[in-house]
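This report refers to the structure that appears directly beneath it.
Only the coordinates and a few stated rules stand behind these numbers; no lab work does. Owing to the predicted nature of the structure, the values given are computational and were not obtained by experimental measurement. Counting neighbours? That spans all protein chains shown, and the Cβs are built from the backbone with ideal geometry, glycine included.
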């Protein structure tokens with residue numbers, strides 16, 4: 001019987017705070033809760049931006065230093081040498097294109113994936129070291145986050161069946 | 001699937017990509033009663049393997065899968 005088995009556990013580290021790097025951990029987390037797994041995501045360093053109230057709605061796709069540049073569509077006017085990405089407005093353009101093609105593919109927003117994760121009792125952990133280094137207070141974070149350090153996350157992850165660093 | 005197994009509801013996930021079909025199936029099943037059958041329509045080719053994994057992990061039962069010209073139909077029975 002499935003309910004008698006110990007639930008599977010997924011432990012993720014989200015270390016990147018750009019829009020393109022916010023998707024993979026949240027797609028995995030929302031899928032895992034939908035399969036009945038326990039989930040915890042440790043948001044650390046720039047990954048903390050994903051659960052920062054003010055930054056979450058404005059996560060960006062960096063046009064510079066991003067291996068995903070140029071975008072995989074010839075119609076996007078960011079083709080050519082990497083230096084194009086340094087032009088003013090390139091990041092805004094890359095961000096609006098990504099939002100455009102995600103919505104065209106009926107993909108949810110990051111906020112929606114966070115909601116699915118929380119609704120499925122997934123846990124969002126804010127790295128307290130990052131909070132201290134970056135001057136982020138608990139009230140700057142979205143509802144439903146717990147603040148903890150590496151030892152407490154490792155304790156959670158030590159019981160995990162799957163652990164991934166993103 | 002026998003004639004006795006009539007879907008209680010149909011969930012249209014056509015045009016949705018991973019992770020949406022799995023998220024939507026999971027939500028839909030939660031709102032149903034044990035024994036009832038959910039029909040799910042999908043066009044994401046990944047949903048075939050994803051649904052098998054979802055079945056394995058949730059314990060709900062896929063009674064039948066039909067494929068017709070890229071349209072997948074899953075018949076899922078809620079088991080608990």
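For the options A:51, A:142, A:84, a Gaussian network treatment of chain A with springs between C-alpha atoms closer than 10 Å singles out A:84 as fluctuating the most. At an R0 of 41 angstrom, the distance between the Cβ atoms of residue B:36 and residue A:166 translates into a FRET efficiency of 0.65.
Would any residue of the stretch A:87-129 have its amide N under 17 Å from a label point 7 Å out along Cα→Cβ of residue A:147? List them or say none. Zone members listed by number: A:124-129.
Helix A:19-34 and the long axis of chain A differ in direction by around 30°, with both axes built from C-alpha atoms.
By its C-alpha gyration tensor, with a ≥ b ≥ c as the square roots of the eigenvalues, how is the stretch A:7-165 shaped: rounded for a/c under 1.5, else prolate for a/b larger than b/c, else oblate? Present the calculation step by step, with values, prior to reporting the outcome.
Values: a/c = 2.14, a/b = 1.63, b/c = 1.31.
Taking the square roots of the gyration eigenvalues as a ≥ b ≥ c, the stretch A:7-165 is prolate.
Of all DSSP-defined beta bridges confined to the stretch B:9-77, some 70% are antiparallel rather than parallel.
Taking a ≥ b ≥ c as the square roots of the eigenvalues of the alpha-carbon gyration tensor, the stretch A:1-42 is classed prolate because a/c is 1.5 or more and a/b outweighs b/c.
Subtracting the Cα-Cα distance of residue B:56 and residue B:73 from their residue separation scaled by 0.36 nm leaves 4.3 nm. Under a 10 Å cutoff between Cα atoms, tell me which one of A:45, A:125, A:156 has the largest fluctuation in the Gaussian network model of chain A. Most flexible of the set in this elastic network: A:156.
Take every Cα pair under 8 Å whose residues are at least 6 apart in sequence, average their separation, divide by the length of chain A, and the relative contact order is 33 percent. For chain A, the mean residue ellipticity at 222 nm estimated from helices alone is -10500 deg cm²/dmol, where every DSSP H run of n ≥ 4 contributes -39500 (n - 2.57) and the total is divided by all residues, rounded to the nearest 500.
Across chain B, the relative contact order, built from alpha-carbon pairs under 8 Å that are at least six residues apart, equals 34 percent. Length gained on full extension, residue A:138 to residue A:155, computed as 0.36 nm times the residue gap minus the Cα-Cα distance: 4.0 nm.
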